[in-house]
Every structure is written in C-alpha cells, then in structure tokens.
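Comments concern the structure below.
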Amino acid sequence: MAFEYVKALHIIFIVTWFAGLFYIVRLFIYQTEALDRPANESKILKPQLDLMAYRLWYIITWPSAILTLIFGIWTLSHRMAFLQLPFMHAKLFFVVLLYGYHIKCHFIFKALQNGVAKWSSTRLRIWNEASTLLLFAIVFLIVAKNLLSMVWGILGLVGLGVLLMLGIKLYKNIRKRN
C-alpha cells in the first residue's frame, strides 16, 4: 500500500513541476516584453514579474522537480524490472531531456532576474512548446506500455491459437495418412 502513496506523490509532483515549467516560460515572455516597454512602464512591471518568477521558480518549480526525482526513483525501486524494458529506456531518456530543459530555463531565469533578455519573446514562445512535447512523450510512453503489452499479449495469444490450430490440423492430417 505504501507504494501506491509513493506513486501518487510522484504523479502529484510531476503535475506541479509541469505547471511551474509551463508558467515560468510565460513569465519569461512577459519579463522580456517588459524590458522593451517605456521606462516608466518597465519600472513597474519588471519588479513585479521578477518577484512572480522568483516565487514560482524557487517555491514551486524547483521543489517539484526535486520531489519528482525522489519519488520517481522510489517508485522505480519498486519496479526494478522496468529498467530492462525498452519503453523505460525511452521514457528515462525523455526525463533526462526534461531536466536539461529545466536547467536551461534556470539560466534564462537568472539572466532575466538580472535584466538581461538573451532570447526574444518569439523564441521563448517556441521554447515553451518543448515542455509540452516532452510531456506527451513521457506520458504516452509510461501509459502505452500497458496498452502495447496488452495488444502484444492479445496478438501473442491469437498467434499461439493459430499455431495450435495449425498443429492440430497437421497432426490430424498425419494421423489420417498413417
């Protein structure tokens, strides 16, 4: 039963981590655009956006990323056999990419906190979609493994049934000839 709680916590922190990743890049876009506003507007917008980004990044996103990793390793420790399966190799590859995405976001965050916009708002909008692609890849891999196993299992049973029927027919034909 404890495993189910660990898995639930892993999923909860994945959700909060992604929420943070989705929103932080939106804030990066707003911060970048605020730097291009007239000085009187930028003077009001930038401190507020910086504060919002700071709180989101350090109170929600980073802790969620760390707790996702902790609970993910804990969950995987209960299913070590998954490490032998190709879908898990693919899933872990995308998870590593996701942590790379997170770290790159950290560098963008630090630059914007210092008032330096190295990326345009258009480029940030494109960057924002990368986390969506990673989310789809990771979720489909972890969920579809059951569906794929089920499909392959059914196909295997049908295949075995066909082989058994062919074997029985072959045996019957051999018996008839003798």
Inter-site label distance for Leu35 and Lys118 at 7 Å from Cα along Cβ, in nm: 1.0 nm
For the range 26-85, the spread of Cα positions along each principal axis, largest first, Å: 59, 21, 8
Against the longest principal axis of the chain, how steep is helix 121-177, in degrees 0 to 90 to the nearest 10, with axes from Cα atoms? 0 degrees
Counting pairs on different chains as well as pairs 8 or more places apart, how many Lys pairs in the chain have Cα atoms under 14 Å apart? 4
In whole Hz, what ³J(HN,Hα) sequence does the range 10-20 give by Karplus (6.51, -1.76, 1.60; θ = phi - 60°), x for Gly and Pro? 4, 5, 4, 6, 4, 4, 5, 5, 5, 4, x
Obtain the radius of gyration and the Kirkwood radius of the range 2-145 from its C-alpha atoms and give Rg over Rh. 1.06
In what order do Glu41, Glu33 fall by count of nearby beta-carbon atoms within 10 Å, going from fewest to most? Glu41, Glu33
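Taking only DSSP H segments of four or more residues, each worth -39500 (n - 2.57), what value at 222 nm results for the chain once the sum is divided by all its residues, to the nearest 500 deg cm²/dmol?
For the chain, the value works out to -31000 deg cm²/dmol.
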So how much slack lies between Lys110 and Ala8, counting 0.36 nm per residue of separation and subtracting their Cα-Cα distance, in nm? 33.5 nm
Applying a 10 Å radius around every beta-carbon, put 109-115, 171-177 in order of their mean neighbour count, most first. 109-115, 171-177
When only Cα pairs under 8 Å and 6 or more residues apart are kept, what is the percent relative contact order across the range 20-146? 42 percent
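No value in this document is a laboratory result; all are computed from the given coordinates. Computed from a predicted structure; not experimentally measured. Cβ coordinates were reconstructed from backbone atoms using ideal geometry, including for glycine residues, and neighbour counts include every protein chain displayed.
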